[in-house]
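The values are calculated or read from the model by the stated rules, or taken from the named source; none is laboratory data. Note that the structure is predicted; figures quoted are calculated from it, not measured. Neighbour counts are summed over all protein chains in view; Cβ atoms, including those assigned to glycine, are modelled from backbone coordinates with ideal geometry.
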Amino acid sequence: MKIRFLLFSVLTSIFSFSTSTCASFRVPKGFEELAQGQTILTDVSIYGESLGIFKISVDLENVQFIEPNKIIDAIVKKYPDSHNLRVLLSKYFNGTFHRNSQLSCSSNGSQPGCDFIDTKNVDIIYDENNGKVNIFISDKYIPSPKQNDTYYSVNAESHNAFIHQQNINFVADKNYQSASLQGNGTLGVTRDSYLNVDWNLQGQRSKNQSKNDLSLNNAYFRQDFFKKFYLQAGIMDSKDIFSNIGGNINLSQLPLGKIRGFRAGSTLAWVNVNKTNTGTPVNIFLSREARVDAYRGDQLLSSFYLKAGAQVLDTRSFPQGSYTINLKVYENNQLVRTETVPYTGLGELTSRTLQWFIQGGTPDNEGFSGKQAGQHQDNKVFQAGIRLPVTNNLALTSGSAFFNSANYWESAMDWSHGFDTGWIDGLLTSRVSYLHGSEGSRGNIQQLNYNDGFSLSFYRSEMKATDCNNQGVNRYSINGCYKSTNVMLSVPVDSWYATLGFSKSMNKGRYISRQDMVDYDPNHSLGVPWETVYQAHTKSSSWQLGVTRTAHFSDVNITTSVNAFLRNDSSFNAQDKGMFLTLSFSTNTHDIEGKGRTFSGSSNLQTSKRAGNQLSYTIAASQYSDNTGENEKGIAINGMNTDTLTSSVYGRAGGQYGTGSLTVSDTLDKKDGGNIINASGSYSSSVILDREGLTFGRRGDGTASSAITVNVEQGDTSDTSKVNVSVDTAGQSEIKGNSRALFTVPGYRESQFDINESISSNEGISSEIKTGTGTKRVFMTPGKVYNRDVNVESRYTWMARLLDDAGNPIDEVIPLNVMSWTPLGNSMVTLETTKKVNTLYVMKNNTYWQCGMKVSMIRDVIRYVGETTCQSINFASLPSKEKEQADMMTAKLNNQARLTVMAH
């Protein structure tokens, strides 16, 4: 059948060529049956997505579906709820189609736009070289995808567990040492509830003084109701209020500190943002993998790399408003077509839904000490907030906080607008807010951002009170009084990028740690770094103008920037002004195994009134041992003028049991004399305890989390195979056989993981996954674990040349204790086994040999044996399994011989 199909393909190719040059065509003798048409089974796809195997009749000009109703049912099943579509398909599939083979990529050398027909009805392309049929229908018959399943559901196969994440960081030199340990533990209780504990331990030492602090940031129980509301109680900070977990309510200046009490409110944690309607759907139909660039006029909104099929573009990042979009389709980096579609953006779901929270209890006075604590010892607090959508582009937010000593309220307005008028066609977002405190505090914020090829941002915030210099008397906030303004304009100019920035800040009556002060020097300061210092008044302002250009030459990226600045700072007596020129370059290379090397360098020449002329420079080189980007080692040298020179070596490693880094540097100070050796490092990991026991693995993002575990089972334990596991929210690792791997993932977030055979080999061992491979998406609340069982089998590939006792080659043998083999000629064979073998047993006719399998070298996955001498043995000397194999092969050969005689 395969030979006949090949002949038919050759014949049709000749026919296609001949009909373009001749008026008539004579079918060669012996091919008349093929010219009349062949009935074959072929793979049928619609826009690159397979519908299954169907029976067709194909001749030199046409294609006819033998069972049209089956193909119609398959298409309607894929694109349901369309009576008109079934009528259209019945009209065309009961007839014949032109082959259109000249449009297939395999026939025209993959010309741009191949494997695609823009049709108003139904058409096909018959790919004769691959024996496939691609179907195309008008997009008006395909309904827009339904936006259902607005809320996620917890994966039914997940179960409760205790998940703990830990992270340690340290830095040390001879004058100052600091170490911090952070941890977050989550325990699933019911399907919609969990316990969470978030803590950190900080230790510092400077000369003969030390300080240790243990703080508990969160320790609460949370219960969700109907996927829309939640109730929690315990110790809670305010960060969840500002995220989807707590309703995404932004109250920037309202005092929402840590409390001991309860909180209730709305939540967006369960919302499936991929299914919420944020705008009109934008569909595109692709017959091949392609890049699709979406433009709004000349503005590039986004680029998509898509598979073949009917695709729906993710428009969540598109600006709000109504406008037209030009979709440019690129195949193999060549533009093949452009489509224009209308679009209306409604904005994110969070801007169009009512959100609220209330909480009450005892406020945490951590951060106050001594006299301050006595002045601010509130024992009761009640706080509430609400976000109210007015239109699709306008939302109002308001909140209140009631303490024993004072009351506060804050109101804010958020407004956004997408312009589509001439040269103004960007997105504008803005926010204004006002804070009022009964003890005299007042605050306000104004924020504006506009993006239209160029970008403009403005941010101003202010907090004031009548007693800014009285160290916080009768005022809840310990941040003091402040005023801050930032403006930034970025504009592309030809191949350059220009920026103009202005910042101004004023602080009055604030507390700050000594190590955060502008002029703090840990090597010469009299106070310890963690000492809290009261600053009465500081003021600063600065202007900066710069242009930057990046160029690419072969594999080298070169960046040049020129900047001028003007600064005023109350810490110094005089104004500072100057400029600096920066030149940097970087290059990186990768091999087929994913290993890479990078080399970079930069120099910065700065001249200023205050510091004079300074030349700083950096040279760095690193090497990656795989394609994960985590396992790196490198060296760097940097210095300033001839005064200081710092050299450092560093390494980063990540894998199945966490990630870590270590850097050691030595700074030579020629100006003050001596040198300073500094070391810093970190290690992060996680651990879970569930019904399967204790498992260590990779750390997540440090918040209340869930986990994915992969249990890799391997029958042969003589050597361990590896499985590649990649989790979109937690990185990837090579997992060894007969082990369990842990990936900590964010709670309330859908995660996708992929399990594939490892491309890396360990001493000539490859692996084949028998069960558990593929891709899966899971959604879990914090404190849940999803486990995937994977069964893997080792693969050993051998290459040997078989010789008898006299040194003569043994050809045409049948190996008995292998999975498969391939003869290479001259008694050379390649063999594949599922375990290591010391002896190879082979048979030829009624003779048997045993051959030693001593490996001389290993290259990639090939174990080279070289020439091996085989000893002749009788059937009785074969092991039992090899005897059974020999009997089976003998019976098979005898049966084949008998069938051959009967055929003659």
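If you scan the range 231-274, which residues turn out to be assigned to a strand (DSSP E or B) and without any contact (Cβ under 8 Å) to a residue 40 or more places away in the chain?
Leu231, Gln232, Ala233, Gly234
Pull out all pairs, ordered by first then second residue, where Cβ-Cβ is under 8 Å, the residues are six or more apart or on different chains, the first lies in the range 685-711 and is of a type in the set (Phe, Trp, Tyr), and the second is assigned to a strand (DSSP E or B).
Matching pairs, first to second residue: Phe696/Gly658; Phe696/Ser685; Phe696/Ser686; Phe696/Val687; Phe696/Leu742.
If a residue must be buried (at least 19 other Cβ atoms within 10 Å of the Cβ) and either without any contact (Cβ under 8 Å) to a residue 12 or more places away in the chain or at negative phi (or both), how many such residues does the range 825-848 contain?
Qualifying residue count, the range 825-848: 8.
Answer yes or no: is there a residue in the range 113-124 that is basic (Lys, Arg), surrounded by fewer than 18 Cβ atoms within 10 Å (Cβ to Cβ) and either part of a strand (DSSP E or B) or modelled with pLDDT of 90 or more (or both).
For the range 113-124, residues basic (Lys, Arg), surrounded by fewer than 18 Cβ atoms within 10 Å (Cβ to Cβ) and either part of a strand (DSSP E or B) or modelled with pLDDT of 90 or more (or both): absent.
Consider Asp213 carefully, then state whether it is in a strand (DSSP E or B), surrounded by fewer than 15 Cβ atoms within 10 Å (Cβ to Cβ) and acidic (Asp, Glu).
For Asp213, the condition - in a strand (DSSP E or B), surrounded by fewer than 15 Cβ atoms within 10 Å (Cβ to Cβ) and acidic (Asp, Glu) - is met.
Go through the range 46-57 and give me each residue that's surrounded by 19 or more Cβ atoms within 10 Å (Cβ to Cβ) and within 16 Å of Tyr92 (Cα to Cα).
Matches in the range 46-57: Ile46, Ile56.
Please list, ordered by residue number, the strands (runs of 3 or more DSSP E) wholly in the range 441-560 having 2 or more residues that are more than 34 Å from the chain's Cα centre (by Cα) and either at pLDDT below 85 or within 24 Å of Phe580 (Cβ to Cβ) (or both).
So the answer is 481-493, 496-513, 532-553.
Name the single residue that is modelled with the highest pLDDT among those in the range 852-889 being in a helix (DSSP H, G or I) and among the acidic types (Asp, Glu).
Checked the range 852-889; the qualifying residue modelled with the highest pLDDT is Glu882.
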